[in-house]
1. What number of residues in segment A:84-127 are of a type in the set (S, T, N, Q) and closer than 21 Å to A:GLN217 by Cβ?
2. Would you say A:LYS181 is crowded, with 16+ Cβ neighbours inside 10 Å, within 12 Å of another protein chain (Cβ to nearest Cβ), among the basic types (Lys, Arg) and under 23 Å from A:MET1 (Cβ atoms)?
3. Among the residues of segment A:116-126, are any out of contact with any Lys or Arg (no Cβ under 6 Å at 6 or more places or on another chain), of a type in the set (Ser, Thr, Tyr) and surrounded by 20 or more Cβ atoms within 10 Å (Cβ to Cβ)?
4. Determine if segment B:70-84 includes at least one residue that is under 20 Å from the mean Cα position of the chain (by Cα) and either among the β-branched types (Val, Ile, Thr) or open to solvent by less than 10 Å² (accessible area, probe 1.4 Å) (or both).
5. Looking at segment B:65-93 only, could you name the residues that are in a loop (DSSP other than H, G, I, E, B) and within 14 Å of chain A (Cβ to nearest Cβ)?
6. Can you tell me which of A:LEU160, A:LEU195, A:LEU130 is open to solvent by 10 Å² or more (accessible area, probe 1.4 Å) and out of contact with any Cys (no Cβ under 8 Å at 6 or more places or on another chain)?
7. If you scan segment A:94-114, which residues turn out to be part of a loop (DSSP other than H, G, I, E, B) and either open to solvent by 10 Å² or more (accessible area, probe 1.4 Å) or not assigned by TED's automatic domain parsing to the domain that holds A:PRO150 (or both)?
8. Condition test on B:PRO150, is it farther than 16 Å from A:LEU51 by Cα and within 12 Å of chain A (Cβ to nearest Cβ)?
2 protein chains.
Amino acid sequence: MIEGIAFDAYGTLYDVYSVERKCDEEYPGSGAGISRLWRQKQLEYSWLRTLMGRYVDFWHVTEDALRYTLAELGLPADEGKIEALMASYLELEMYPEVIEAMARFGARKKAILTNGNLRMIEPLVTRTGLDEHLDSCLSADEVGLFKTRPEVYQLAVDHLGIAREHLLFVSSNGWDVAGAKAFGFTVGWLNRRNLPPEELGVRADYVAGNLLELAEQVEGA
Amino acid sequence: MIEGIAFDAYGTLYDVYSVERKCDEEYPGSGAGISRLWRQKQLEYSWLRTLMGRYVDFWHVTEDALRYTLAELGLPADEGKIEALMASYLELEMYPEVIEAMARFGARKKAILTNGNLRMIEPLVTRTGLDEHLDSCLSADEVGLFKTRPEVYQLAVDHLGIAREHLLFVSSNGWDVAGAKAFGFTVGWLNRRNLPPEELGVRADYVAGNLLELAEQVEGA
């Protein structure tokens, strides 16, 4: 039934909050606050720019979100610090179970489907050795729109050559789960932060605490 | 130069955080937390549903956001409480300077341009006596999309019959300011909460702390 798997990257395979330590080094005492607001604004800007028809790539969105975050928190926008924090996005920590879980999903085609542009996702995938387990790395940048626009999810169908209902889309982000389910994927939600489901009119097909648990559920189905 | 004015409603003319007291009555001690998260999720859901192509009206979005908020905060979703809190959205407080400021803007055409559907915005406008100062009340519901989609801002051009650059759009919401400016309006930002501008590649033409200050700036320009 499940012929291929597309994984969201940020928050799902890689811990976006792992930048907190670096934030705290650059702005002592403010690491947690920066990390949280930075992520929130990064997502907001991706949605708003897509709605406005003013696409810029995710690297640009991420830097804009960081600059806003520093301003809102009343912290100085030192260019050296900004450069250091942006660089930390290329060194996010991979969740510990990811490599083992990839094997559990077997020989099925596997891809990353991310908002991130290739310049920011490929170094991360290579550094963490995940490239050996993936058939492709697909970016919203190819269509110049961000999730939850259907054109982004369609990339996985087109590149993997698998019908949407036979594709398992995996994300830890509730809003991404909703977008993917509305598109028509079979969807697995990694509820890593123990949150309630988003009230967007659709529900995930599988819910698990991490990727290994999800693999077990899918194999047992 | 400015031939007409379109006002955002929620946060701009009406204080969305004025529901806090009612939230605190229904869920003692949690009023501020509910009020903040409810507003954030309301906006997120309006953006995500538009991106997903799954429009429901703003009343529906607002109730969904409330249900999510209660779940995330671990509060019981009592139907009576939800009904009471939703009703408070029809009784938001108008900012104190609004009526006086309307006169300062003179005989120009004036409209509300809101995400809210008419069923939720019209009772508020009537109750607060603002209807006597407005030519029309325009809702995103007419196009089945939410801001920052250009089709929503276009409603003001079409209904008021004024070119976008001769229309002053007024909002307290930084993301709405960005959307309106990207669309091509002349834009006044009521920076009621003393926030930095959103990093979305555009800036407001006027920035003021409240609507009276904005009227003075526009008349002095």
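The values are calculated or read from the model by the stated rules, or taken from the named source; none is laboratory data. Note that the structure is predicted; figures quoted are calculated from it, not measured. Ideal geometry is used to build each Cβ from the backbone, glycine not excepted, and the neighbour counts take in all protein chains shown. These area figures cover heavy atoms from the full protein model, side chains too; ligands, DNA and RNA do not enter into them. Shrake-Rupley method; radii C 1.70, N 1.55, O 1.52, S 1.80 Å.
1. Going through segment A:84-127 one residue at a time, the tally reaches 0.
2. It is true that A:LYS181 is crowded, with 16+ Cβ neighbours inside 10 Å, within 12 Å of another protein chain (Cβ to nearest Cβ), among the basic types (Lys, Arg) and under 23 Å from A:MET1 (Cβ atoms).
3. no
4. No, segment B:70-84 has no match at all.
5. The answer is B:LEU73, B:GLY74, B:LEU75, B:PRO76, B:ALA77.
6. Exactly one residue qualifies, and that residue is A:LEU195.
7. A:TYR95, A:PRO96, A:GLU97, A:GLY106, A:ALA107, A:ARG108 - these are the residues of segment A:94-114 that are part of a loop (DSSP other than H, G, I, E, B) and either open to solvent by 10 Å² or more (accessible area, probe 1.4 Å) or not assigned by TED's automatic domain parsing to the domain that holds A:PRO150 (or both).
8. no
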